[in-house]
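Working notes, beginning with the structure itself.
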Amino acid sequence: MSPKERLLEIQDKINAAAKRSGRKGSDVTLVAVSKTFPIEDVVSFARLGQVDFGENKIQEFVQKTKDYVDFPGAPPIRWHVIGHLQRNKAKELVGKTHLFHALDSVRLAETLHAQLKESQHTLRCLIQVNVSGEDSKFGLQPSELDSFVDHISAFPTIKIGGLMTLAAPSENLETIRPQFALLRSLSESVQDRLDFTNAPELSMGMSSDFELAIEEGATIVRVGSSLFGERS
């Protein structure tokens with residue numbers, strides 16, 4: 001299957017899932033997760049009209065943003081950082097990132113704020129919540145979200161756009177539906193305490209479960225292998 005066919009197939013699935021949830025496909029942003037794939041693949045999808053691209057690892061993000069700028073004739077795109085960020089790498093996001101999906105601690109918020117204030121930038125961020133309860137996953141515990149929201153007002157350079165999560169891997173997708181529903185519920189519970197410019201974003205769902213996530217209210221899905229192919 002060609003890149004164009006894969007992209008169209010994903011878009012068709014997004015449209016169908018959005019319709020099942022009473023929405024339009026245009027209500028859902030597709031972030032193409034390009035980790036480990038070369039910049040040429042990013043450019044290929046960008047030339048097909050794909051706008052949003054995500055990277056998990058900050059080193060790869062830094063290199064790809066540089067390579068993309070230098071690529072002849074590459075159309076404008078928006079970069080998302082979707083993976084865990086160490087505080088000593090916070091400066092790498094400044095001025096390059098459309099949306100950071102993985103804000104998961106007050107200490108990281110403090111560091112980001114300091115870097116952003118120094119450079120006179122702001123940064124749109126999503127709060128990562130660990131709805132699966134897995135020790136291997138980053139993110140706030142659901143019970144910590146209220147306290148975190150109280151703290152975040154101290155960092156005016158950080159613009160909270162919504163919440164993000166990763167569901168537990170499962171062969172039976174219905175077992176993870178409550179995890180997506182929980183993130184939607186948590187978003188609703190803090191919506192009146194966060195200064196959302198628009199409706200809050202819900203970044204949830206990957207190649208294996210993005211249709212289910214859309215049914216439960218996802219506004220952003222992060223799809224990698226279904227677009228780019230299996231990673232080596």
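Here are some notes:
- Of the residues GLY73, GLY49, GLY83, the single one that is of a type outside the set (A, V, I, L, M, F, W, C), closer than 18 Å to MET164 by Cβ and not in a strand (DSSP E or B) is GLY83.
- Failed item, numbered, when VAL149 is tested on (1) outside any loop (DSSP other than H, G, I, E, B); (2) closer than 22 Å to GLU92 by Cα: (2)
- Output for the range 163-200, where each listed residue is at pLDDT 95 or above, outside any helix (DSSP H, G or I) and touching a Ser or Thr at 6+ places or on another chain (Cβ under 6 Å): LEU163, MET164
- Taking the criterion of being under 17 Å from the mean Cα position of the chain (by Cα) and under 18 Å from ILE152 (Cβ atoms), the residues of the range 95-107 that qualify are THR97, LEU99, PHE100, HIS101, ALA102, LEU103, ASP104, SER105.
- For the range 152-162, the count of residues that are aromatic (Phe, Trp, Tyr) and either in contact with a Lys or Arg (Cβ under 9 Å, 6 or more places away or on another chain) or closer than 24 Å to LEU93 by Cα (or both) is nonzero.
- Residues that are among the β-branched types (Val, Ile, Thr) and modelled with pLDDT of 95 or more were ranked within the range 29-58; the one that is nearest to ARG78 (Cα to Cα) is VAL51.
Here is a yes/no grid of residues against (1) free of Cβ contacts under 8 Å to residues at least 24 places away in the same chain; (2) in contact with a strand residue (DSSP E or B) (Cβ under 6 Å, 6 or more places away or on another chain); (3) under 18 Å from GLY217 (Cα atoms):
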site: ILE127; (1), (2), (3): no, yes, yes
site: LYS137; (1), (2), (3): no, no, no
site: GLU144; (1), (2), (3): yes, no, no
site: LEU163; (1), (2), (3): no, yes, yes
site: ALA167; (1), (2), (3): no, no, yes
site: GLU171; (1), (2), (3): yes, no, no
site: LEU182; (1), (2), (3): no, no, yes
site: VAL190; (1), (2), (3): no, no, yes
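- Screening the candidates LEU85, LEU112 for the property of being under 21 Å from GLY205 (Cα atoms) and either at pLDDT 95 or above or exposed (fewer than 15 other Cβ atoms within 10 Å of the Cβ) (or both) yields one hit, LEU85.
- Among residues of the range 24-39, those that are assigned to a loop (DSSP other than H, G, I, E, B), of a type outside the set (Ser, Thr, Tyr) and in contact (Cβ under 8 Å) with a residue 40 or more places away in the chain, counted: 3
- If you go through the range 151-183 and keep only what is surrounded by 17 or more Cβ atoms within 10 Å (Cβ to Cβ) and of a type in the set (Ser, Thr, Tyr), you end up with THR157, THR165.
- So SER132, is it surrounded by 15 or more Cβ atoms within 10 Å (Cβ to Cβ), polar (S, T, N, Q), touching a helix residue (DSSP H, G or I) at 6+ places or on another chain (Cβ under 7 Å) and under 23 Å from SER185 (Cβ atoms): yes
This table checks each residue for (1) crowded, with 21+ Cβ neighbours inside 10 Å; (2) among the β-branched types (Val, Ile, Thr).
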residue	(1), (2)
SER187	yes, no
LEU194	no, no
SER203	yes, no
ASP209	yes, no
ILE220	yes, yes
GLY224	yes, no
PHE228	yes, no
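The values are calculated or read from the model by the stated rules, or taken from the named source; none is laboratory data. These numbers come from a predicted model, not from an experiment. No Cβ is skipped: glycine too gets one built from the backbone with ideal geometry, and neighbour counts run over all protein chains shown.
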